[in-house]
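The values are calculated or read from the model by the stated rules, or taken from the named source; none is laboratory data. Quantities reported herein were computed from a predicted structural model and do not represent experimental measurements. Virtual Cβ from ideal backbone geometry, glycine too; neighbours counted across all protein chains shown.
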Amino acid sequence: MTDAPSTEARPPDNAAPRRALRRVCVYCGSARGDDPRFAEAATELGRALARRSIELVYGGGRVGLMGAVADATLAAGGRARGVIPQRLYDREVAHQGLDELHVVESMHARKVVMAQLSDAFVALPGGWGTLEELFEITTWNQLEIHDKPVALLNVAGYYDALIEFLRHAKARGFIRPRYADLLQVVDSLDALFAALDR
């Protein structure tokens, strides 16, 4: 267990120069879902991060897609860093095999620390927590709190309905055209890393 960076500061500062892609934050479910392709995608992403010597930053859990991406990263010789609230750590859902595990006081602190540590953000399939994290980090980009790429990996069409809703929100005037591409939607790992490198 490692002391987390301070969460008293605001989220990442856009004034800092863009760094090389050293760490990628992955948001994903603590469940595996109903399609084996979800876990397969998490495993493939973990292996791809390790191959590229990119450290995984994620929510620190050992279950669901969270556990799958961390296990795959570590098994392929990569590094994985988790950030987990004390309450979840006390429930014994934390992954104990990580290179670093930051235990923080709250869900809000978790998101701030993950954002501070990461150079880019990727969402795999997930539920309420994944969606909340994804939308918040995208909003921070719109507000120029950070200038880091944010991508949605649409595994097996899981996010099709959400993507359609976002188009609807744009058409109805709630997402301005200039902000519509802040969330890059991809459906393969090759497209994902191309998007993150842009």
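Descriptive notes on the structure:
- Check on residue 137, of a type outside the set (Asp, Glu) and in a helix (DSSP H, G or I): yes
- Restricting the stretch 78-134 to residues that are at pLDDT 95 or above, of a type in the set (A, V, I, L, M, F, W, C) and part of a loop (DSSP other than H, G, I, E, B), the residue that is farthest from the chain's Cα centre (by Cα): 98
- Taken as a whole, the structure places residue 173 among residues that are at pLDDT 95 or above, out of contact with any Lys or Arg (no Cβ under 9 Å at 6 or more places or on another chain) and loosely packed, with under 11 Cβ neighbours inside 10 Å.
- Qualifying residue in the stretch 139-151 (condition: of a type outside the set (Ser, Thr, Tyr), buried (at least 22 other Cβ atoms within 10 Å of the Cβ) and within 20 Å of residue 61 (Cβ to Cβ)): no
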